[in-house]
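**Student:** This structure is in structure tokens; I'll ask about it shortly.
The values are calculated or read from the model by the stated rules, or taken from the named source; none is laboratory data. Note that the coordinates shown come from a computational prediction; the quantities given were computed from them, not determined experimentally. Cβ coordinates were reconstructed from backbone atoms using ideal geometry, including for glycine residues, and neighbour counts include every protein chain displayed. Heads up: the accessible areas ignore ligands, DNA and RNA and are worked out on the full protein's heavy atoms, side chains in. Shrake-Rupley method; radii C 1.70, N 1.55, O 1.52, S 1.80 Å.
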Amino acid sequence: MTMSSIKIECVLRENCRCGESPVWEEASNSLLFVDIPAKKVCRWDPLSKRVQRVTVDAPVSSVALRQSGGYVATIGTNFCALNWEDQSAVVLATVEKDKKNNRFNDGKVDPAGRYFAGTMAEETAPAVLERHQGSLYSLFPDHHVEKYFDQVDISNGLDWSLDHKIFYYIDSLSYSVDAFDYDLQTGRISNRRSIYKLEKEEQIPDGMCIDAEGKLWVACYNGGRVIRLDPETGKRLQTVKLPVDKTTSCCFGGKDYSEMYVTCARDGLDPESLLRQPEAGGIFKITGLGVKGIPPYPYAG
């Protein structure tokens, strides 16, 4: 397949300060995403072009589907249930009550319905923050929380292998994509190893998703691209460049999950850069990749 058949378009000029956590919802045929510092969860319908927004009371860093209806989201240092109809957020669990400067960052639901999300210190500027303040957690369906490890800088992209035996994870400032052995029954992880170290021009690894062939797609913050990796060989297979620098995350969606949606950020761009990339903070759609994604898992609690 020739690379020239790939098409990249900004489908929504949302001007997100920091767009993140794109999730496709088949039931409403729409894309969910968040704008972290704007404290907004958004739902965009590509057919009607309508965007609905819910504003919450703290930075909202990830959103996920919920089996029983509605959504779950990480807001501040809380795991919350989000009721779209009355725009309310109910706290299911809280972490790090002792760390006033911390907030959740990226999160995703595992194949058994647990909601994984990690924390970080609040940034003084994009990617500038107190180091080693974060941890990785998971909210189980019964609403209890387990902590996996700490000493994290910026807890970021996460996903699971197609056979559910490997958990992939990014701590952004390690410039590495890591893998753990995964026990789906218990939600336990072990045997951490790096499977890919980013090249200088790829910059900072951010959000991540897996495709139907078991390959990983990583959005590169400040790198203006998503890269496709083979987690088994540790090789980069493909680079797709976007017309914005601060690409933050990616997911598959649309008809049969054949389209890729990419979020990005405006915060941290100087006026000159913003003139050069007016679509910064928008939602991008990439078609013609020749590979499909898999549906997101809903939180089971």
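**Student:** From the list LEU242, LEU269, LEU237, which residue is under 18 Å from the mean Cα position of the chain (by Cα), modelled with pLDDT of 95 or more and not β-branched (Val, Ile, Thr)? Step through it out loud before you land on a result.
**Tutor:** Working: LEU269 fails: under 18 Å from the mean Cα position of the chain (by Cα); LEU237 fails: under 18 Å from the mean Cα position of the chain (by Cα).
Testing whether each residue is under 18 Å from the mean Cα position of the chain (by Cα), modelled with pLDDT of 95 or more and not β-branched (Val, Ile, Thr) leaves just LEU242.
**Student:** Quick check on ASN15: is it open to solvent by 30 Å² or more (accessible area, probe 1.4 Å) and closer than 19 Å to TYR221 by Cβ?
**Tutor:** Numbers: open to solvent by 30 Å² or more (accessible area, probe 1.4 Å): yes; closer than 19 Å to TYR221 by Cβ: yes.
Yes; evaluated as a whole, the condition is true for this residue.
**Student:** Within segment 31-52, how many residues turn out to be part of a strand (DSSP E or B) and either closer than 19 Å to ASP206 by Cα or open to solvent by less than 20 Å² (accessible area, probe 1.4 Å) (or both)? Before you say what the answer is, go through the steps one by one.
**Tutor:** Just the residues of segment 31-52 that are part of a strand (DSSP E or B), to begin with: 31-35, 40-45, 50-52.
Filter again for either closer than 19 Å to ASP206 by Cα or open to solvent by less than 20 Å² (accessible area, probe 1.4 Å) (or both), leaving 31-35, 41-42, 44.
Total satisfying the criteria: 8.
**Student:** Among the listed residues ASP245, ASP256, ASP267, ASP230, identify the single one that is open to solvent by 10 Å² or more (accessible area, probe 1.4 Å), among the charged types (D, E, K, R) and in contact with a Pro (Cβ under 9 Å, 6 or more places away or on another chain).
**Tutor:** Numbers: ASP245 fails: in contact with a Pro (Cβ under 9 Å, 6 or more places away or on another chain); ASP256 fails: in contact with a Pro (Cβ under 9 Å, 6 or more places away or on another chain); ASP230 fails: in contact with a Pro (Cβ under 9 Å, 6 or more places away or on another chain).
The unique qualifying residue is ASP267.
**Student:** If you take the residues in segment 70-114 that are over 18 Å from TYR169 (Cβ atoms) and among the hydroxyl-bearing types (Ser, Thr, Tyr), which one is farthest from the chain's Cα centre (by Cα)?
**Tutor:** Checking each candidate, the answer is SER88.
**Student:** Among the residues of segment 251-276, which ones are closer than 16 Å to GLU14 by Cα and not charged (D, E, K, R)?
**Tutor:** Start the filter on segment 251-276 by keeping residues that are closer than 16 Å to GLU14 by Cα, which leaves 261-267, 269, 274-275.
The answer is TYR261, VAL262, THR263, CYS264, ALA265, LEU269, LEU274, LEU275.
Yes or no, residue by residue, for (1) open to solvent by less than 30 Å² (accessible area, probe 1.4 Å); (2) at pLDDT below 95; (3) hydrophobic (A, V, I, L, M, F, W, C):
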site	(1), (2), (3)
GLY19	yes, no, no
ASN29	no, no, no
VAL54	yes, no, yes
VAL72	yes, no, yes
GLY107	yes, no, no
PHE116	yes, no, yes
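**Student:** Among the numbered criteria (1) of a type in the set (Asp, Glu); (2) open to solvent by 10 Å² or more (accessible area, probe 1.4 Å); (3) at negative phi, which single criterion is violated by GLU96?
**Tutor:** (3)
**Student:** Quick one: in segment 189-227, of everything that is aliphatic (A, V, I, L, M) and not in a strand (DSSP E or B), which residue is most open to solvent (accessible area, probe 1.4 Å)? Explain how you work it out, then say what you get.
**Tutor:** Quick first cut of segment 189-227, residues aliphatic (A, V, I, L, M) only: 189, 195, 198, 204, 208, 210, 212, 216, 218-219, 226-227.
Checking which are not in a strand (DSSP E or B) leaves us with 198, 212.
Numbers: LEU198: 25, ALA212: 53 Å².
Step by step, filter segment 189-227, then rank; the result is ALA212.
**Student:** Is it the case that some residue within segment 79-92 is under 22 Å from CYS209 (Cα atoms), open to solvent by less than 20 Å² (accessible area, probe 1.4 Å) and out of contact with any Ser or Thr (no Cβ under 7 Å at 6 or more places or on another chain)? Steps first, answer last, please.
**Tutor:** Taking segment 79-92 and keeping what is under 22 Å from CYS209 (Cα atoms), we get 79.
From what is left, the residues that are open to solvent by less than 20 Å² (accessible area, probe 1.4 Å) are 79.
In the following step, the residues that additionally are out of contact with any Ser or Thr (no Cβ under 7 Å at 6 or more places or on another chain) were identified as 79.
Yes, the conditions are met somewhere in segment 79-92.
**Student:** Another question, then. Can you pull out the residues in segment 42-62 that are touching a residue at least 40 places away in the same chain (Cβ under 8 Å) and over 15 Å from SER28 (Cα atoms)?
**Tutor:** Step one: of segment 42-62, the residues touching a residue at least 40 places away in the same chain (Cβ under 8 Å) are 43-44, 46, 58-59, 61-62.
Correct list: ALA58, PRO59, SER61, SER62.
**Student:** Further question on the same structure: Please find, among GLY113, GLY69, the residue that is assigned to a loop (DSSP other than H, G, I, E, B), more than 19 Å from GLY157 (Cβ to Cβ) and in contact (Cβ under 8 Å) with a residue 60 or more places away in the chain. Can you show your working first?
**Tutor:** Working: GLY69 fails: in contact (Cβ under 8 Å) with a residue 60 or more places away in the chain.
Being assigned to a loop (DSSP other than H, G, I, E, B), more than 19 Å from GLY157 (Cβ to Cβ) and in contact (Cβ under 8 Å) with a residue 60 or more places away in the chain holds for just one of GLY113, GLY69, which is GLY113.
**Student:** Another question, if that's okay. Does GLU146 count as part of a loop (DSSP other than H, G, I, E, B) and either of a type in the set (S, T, N, Q) or open to solvent by 10 Å² or more (accessible area, probe 1.4 Å) (or both)? Talk me through it step by step, then tell me what you get.
**Tutor:** Details: part of a loop (DSSP other than H, G, I, E, B): no; either of a type in the set (S, T, N, Q) or open to solvent by 10 Å² or more (accessible area, probe 1.4 Å) (or both): yes.
So GLU146 does not fit the description; no.
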